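Have a look at the structure below before the remarks.
The values are calculated or read from the model by the stated rules, or taken from the named source; none is laboratory data. Quick caveat: nothing in here was measured; it's all calculated off a predicted structure. Cβ: placed from backbone, ideal geometry, glycine included. Neighbour counts: every protein chain shown. Each accessible area value is taken on the protein alone, full model and side chains, heavy atoms only, with ligands, DNA and RNA left out. Shrake-Rupley method; radii C 1.70, N 1.55, O 1.52, S 1.80 Å.
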Amino acid sequence: MATKITYTQQGDYLLPDLKLPEQPKVEIGIWGKRHLRYIKNHHPIRYTNLLTSCKLTAYLADIDEEANEMFDRLVKQLAKQEGVTEKLKADNQMLWVQRMNNIRNRAEEIVNNEMIYQ
């Protein structure tokens with residue numbers, strides 16, 4: 001079964017009219033966008049292979065979901081380990097915010113090093 005290929009004239013050249021198949025619309029979060037920027041800049045061959053095989057969106061969605069789960073799990077574990085509780089939040093709100101920001105920053109750094117920039 002032969003498929004008909006159409007061409008468009010661009011100056012002196014005939015270029016094939018190529019279209020990628022439709023992909024489902026998936027919302028990519030901050031982790032997926034960071035990883036996209038990383039592979040575009042540091043791994044262009046992997047980026048091109050994923051893009052041309054129509055697997056880029058699904059790949060980024062998976063990375064984003066896994067990174068979100070890892071971040072949430074790390075924040076809960078570190079907060080429990082350091083005794084940052086709702087009681088502390090009620091007693092000393094500024095100390096609670098300070099410690100939670102510190103925990104979130106460390107968890108973000110771990111996720112970046114382990115998943116995003118690898």
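In straight Cα distance, which aspartates and glutamates are under 20 Å from K33, not counting same-chain residues fewer than 8 positions off?
Within reach: D62, D64, E65, E66, E69, D72, E108, E109, E114.
Which one, A61, N41, Q77, is farthest towards the positive end of the dipole of the stretch 41-99 when Lys and Arg carry +1 and Asp and Glu -1 on their Cβ?
Most positive-ward Cα: Q77.
Spin-label point model (7 Å from Cα, Cβ direction): what's the T6 to K40 distance in nm?
Result: 3.0 nm between the two label points.
Counting only heavy atoms of protein chains, what accessible area per residue, in Å², does the chain have with a probe of 1.4 Å?
About 78 Å² of surface per residue is accessible.
Running a GNM on the chain with Cα contacts under 10 Å, which residue among P44, P24, P16 ends up with the highest mean-square fluctuation?
Ranking P44, P24, P16 by mean-square fluctuation puts P16 first.
Run down the lysines and flag those whose C-alpha is under 30 Å from the C-alpha of K89, throwing out any fewer than 8 positions away in its chain.
K76, K80
Would you work out what percent of the accessible area of the chain, with all protein chains in place, is carbon or sulfur (probe 1.4 Å)?
Values: 4820 of 9210 Å².
Exposed carbon and sulfur together represent 52 percent of the surface.
Could I have the simple spin-label model distance between K33 and Q98, label points 7 Å from Cα toward Cβ, reported in nm to one decimal?
3.2 nm
Within straight cross-link reach of K4, meaning Cα distance under 20 Å, which lysines are found once same-chain residues fewer than 8 apart are removed?
K19
With only Lys, Arg, Asp and Glu charged, each at its Cβ (+1 for the first two, -1 for the last two), find how big the charge dipole of the chain is about the Cα centre; round to the nearest 20 debye. If you can, show how the numbers build up before the last one.
Values: 17 positive and 16 negative charges, 28 e Å.
With only Lys, Arg, Asp and Glu charged at Cβ, the dipole is about 140 debye.
Largest first, please: the extent of the C-alpha atoms of the chain along each principal axis, to the nearest Å.
Answer, in whole Å and largest first: 74, 26, 22 Å.
Where Lys and Arg each count +1 and Asp and Glu each count -1, what net charge lies around K55 among other residues with Cβ under 12 Å from its Cβ?
Surrounding charge for K55 is 0.
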